[in-house]
Amino acid sequence: MTDADVDVDAVARRVEACPGVASLSAGAAGLAVSYLPGKRVPGVRVTDELVEVHVIARWGVTVQAVDREVRTAVQGMTAGRHLDVVIEDVDVPAALA
């Protein structure tokens, strides 16, 4: 099994379409990325054992709801790997910051 078994772009698009996800995140250290020919895809990292999806959640959406949305969105796209959903931050509206 290789990381080519996972369509990183498709995973990223599906996750970004989740209502509870404000955006993907490369993580605090910037290591949650995949490198594709000519570009990098922040927020999706694939190893031999797992697919990590790192997100910034929308304000007002529970962590459990975001986790459920992401897992549902990428179901069947991880080529049998374990899926880790990491919520890096919450997008707090400027009026509340």
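List of remarks:
- Between ASP5 and VAL90, residue separation times 0.36 nm minus the direct Cα-Cα distance comes to 27.6 nm.
- Fraction of beta bridges assigned by DSSP in the chain that are antiparallel (%, nearest 5): 55 percent
- Accessible area (Å², per residue) of the chain, counting only protein heavy atoms and a probe of 1.4 Å: 58 Å²
- The chain, dipole about Cα centre (Lys/Arg Cβ +1, Asp/Glu Cβ -1), debye to the nearest 20: 220 debye
- The fraction of accessible area contributed by carbon and sulfur in region 34-78 is 54 percent, rounded to a whole number (1.4 Å probe; ligands and nucleic acids excluded).
- Cα gyration tensor shape of region 19-97, rounded if a/c is under 1.5, else prolate or oblate by comparing a/b with b/c: oblate
- Using alpha-carbon coordinates, inclination of helix 63-73 to the longest axis of the chain, degrees: 40 degrees
The values are calculated or read from the model by the stated rules, or taken from the named source; none is laboratory data. Predicted model, so just to flag it, every value in this text is computed and none were measured. In this analysis, Cβ positions are derived from the backbone assuming ideal geometry, glycine residues included, and neighbour counts consider all displayed protein chains. The area values use the complete protein model at the heavy-atom level, side chains included, leaving out ligands, DNA and RNA. Shrake-Rupley method; radii C 1.70, N 1.55, O 1.52, S 1.80 Å.
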